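This report refers to the structure that appears directly beneath it.
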Amino acid sequence: MLSGEIFRIEESRENQVKTRLNIAEKLFQTCKTFLKDAQIIRICKVSRSSYEERKKAKTDEDERQAKQKAEDDSLKEKMIQIIHRLGGEIPGYRTFSVFLWRLFDVKAGHKKIARLMKEMNLKATIRKKDAYKGAARHDHPCTAPDNLVNQNFRVKPRHIICTDITYLPYGISNGLIYLCIFKDAFTKEILGWASGTHMTVSLIQKAYDRMMADHGSELKTKEVLVHSDQGSQYLSSTFKKLLSDDSLLQSVSARANSQDNAPAESFFGLMKPHMLEVLKLCRNTEEAIEMVDGYIHTYNSDRYQYELAGLTPHEFYLFKESGIYPCDNYYGVKADRLHSIEEIVNHHLEEASKKAEKMRSIYSLRSRAAQLLRKNPIDVIQNDQLILQERIRSDTEHIEKVQEEIFHLTDALKQAKGAEEWMRNLDSSQLEYYRIPQNWQKEPHLQYIWKMTGLF
């Protein structure tokens, strides 16, 4: 009963002090122009130390919030620039983080970006369902090649090439163009594409020819699977002959299963929310095709992707082929601009050559020194002894410091165990007294806490 009452009294006193400090803080904010600190302290009946501590904490918090606001405003401005760069498309927080790093050398956490997006009322562009999806169907029986991929797309670069066709309306009259793509499932790079007004085998052949013209040397030397859906164009003898002539294997997904061709579907899902709005402004087919070409070029070379280690699809392929990561001061190359892979390789070779030359000069000096000491090898041995002694002395000093710290902490641990045993013998009222940390300072049994500085 008594201990509980004492605790309530102490708690009440603490609350009174907090209340008076809160009043003092409000007086300082509202009356600081005509009231001095001493007057506020006297009016509120608080200690100067507590008042100054609260005042400093308030000032520090205001400065921290001001700094945080400035940083947030700067990030928001950069995020708006990224949206303009993407043609009005609002990316997700992960894509934002990649663009901030690649374009502005700013590293921001996902939670922070998500918070700023909420403050700016930004929502990632939602991929709309294709209104024409499922329009091209055939119900006649056919003998399709086997599904050799089975949704295992991420094997290696230039191994699985996914292809598909989609519809793109353009202009105010809602004309239609068809887009055929060939996409590397591993690097996400569009290797070949073609647009036209008719969805025929010739459209696929045009996209295929473009892929082989630009990347044929990368494909003919490897085992390549070209994966598609069961569209009649892909099951035609013309397309099969194209693949067989270049020794490429054909793989076909199951009917009505979009996941079996997910890489191609995902590209269309990324492109359409942005491009459908842009294509509405095109006056004719030529303009629409030009806009699509521009988007794909930008996607391959300028679209940084979180899943590709912050690289573009083309950069990611070069990275996987060379093993050299092309940014962030890699091999000493400054990241003020993105260097080509050839530049980075050459730089790496130059640095390796410089290192080899440096080692040769060191060996040369050692060789000259050995020649000078050839007549007296004892001098060489004595020099080696000096080197070893210096290393032992340095390591010994380090060991002594570590041992001293261990002794210090072990002594503190021993005292802490004694403090626990001493405190277990106290009654409840005494324990209530030591609930306040300040009361530990004068107690000899609890002095071990001063040996724990920096460990809390």
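The values are calculated or read from the model by the stated rules, or taken from the named source; none is laboratory data. Only a predicted model underlies this, so the values are computations on that prediction, with no experimental measurement involved. Neighbour counts are summed over all protein chains in view; Cβ atoms, including those assigned to glycine, are modelled from backbone coordinates with ideal geometry.
Worth a mention:
- If you go through the stretch 241-258 and keep only what is in contact (Cβ under 8 Å) with a residue 24 or more places away in the chain, over 12 Å from Ile161 (Cβ atoms) and either more than 38 Å from the chain's Cα centre (by Cα) or crowded, with 18+ Cβ neighbours inside 10 Å (or both), you end up with Leu242, Ser247, Val252, Ser253.
- All of Ala194, Ala262, Ala213, Ala254 fail the test of being in contact with a Cys (Cβ under 6 Å, 6 or more places away or on another chain) and hydrophobic (A, V, I, L, M, F, W, C), apart from Ala194.
- Scanning the stretch 303-323 for residues that are crowded, with 21+ Cβ neighbours inside 10 Å and charged (D, E, K, R) turns up Arg303, Glu315.
- Entry remark, the stretch 214-224: residues being surrounded by fewer than 18 Cβ atoms within 10 Å (Cβ to Cβ) and not in a helix (DSSP H, G or I) number 4 in total.
- Only one of Asn346, Asn300 that is surrounded by 11 or more Cβ atoms within 10 Å (Cβ to Cβ), modelled with pLDDT under 65 and assigned to a helix (DSSP H, G or I): Asn346
- Qualifying residues in the stretch 416-439 (those that are surrounded by 13 or more Cβ atoms within 10 Å (Cβ to Cβ) and either under 46 Å from the mean Cα position of the chain (by Cα) or of a type in the set (D, E, K, R) (or both)) - the one modelled with the highest pLDDT: Ala416
- Those residues of the stretch 255-297 which are at pLDDT 85 or above, over 17 Å from Lys188 (Cβ atoms) and of a type in the set (D, E, K, R), in sequence order: Lys280, Arg283, Glu286, Glu287, Glu290, Asp293
- Within the stretch 143-160, restricting attention to residues that are over 39 Å from the mean Cα position of the chain (by Cα) and surrounded by 11 or more Cβ atoms within 10 Å (Cβ to Cβ), the residue that is modelled with the highest pLDDT is Pro145.
- Of all residues in the stretch 155-168, those that are at negative phi have Cβ atoms under 6 Å from Cβ atoms of residues that are of a type in the set (Ser, Thr, Tyr) and part of a strand (DSSP E or B), 6 or more apart or on another chain, in Thr163/Ser228; Ile165/Tyr178.
Listed here are the residues, each with its yes/no results for (1) aliphatic (A, V, I, L, M); (2) at pLDDT below 80; (3) within 27 Å of Ala309 (Cα to Cα).
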{"residue": "Lys67", "(1), (2), (3)": "no, no, no"}
{"residue": "Asp72", "(1), (2), (3)": "no, no, yes"}
{"residue": "Arg85", "(1), (2), (3)": "no, no, yes"}
{"residue": "Arg94", "(1), (2), (3)": "no, no, yes"}
{"residue": "Leu103", "(1), (2), (3)": "yes, no, yes"}
{"residue": "Ile126", "(1), (2), (3)": "yes, yes, yes"}
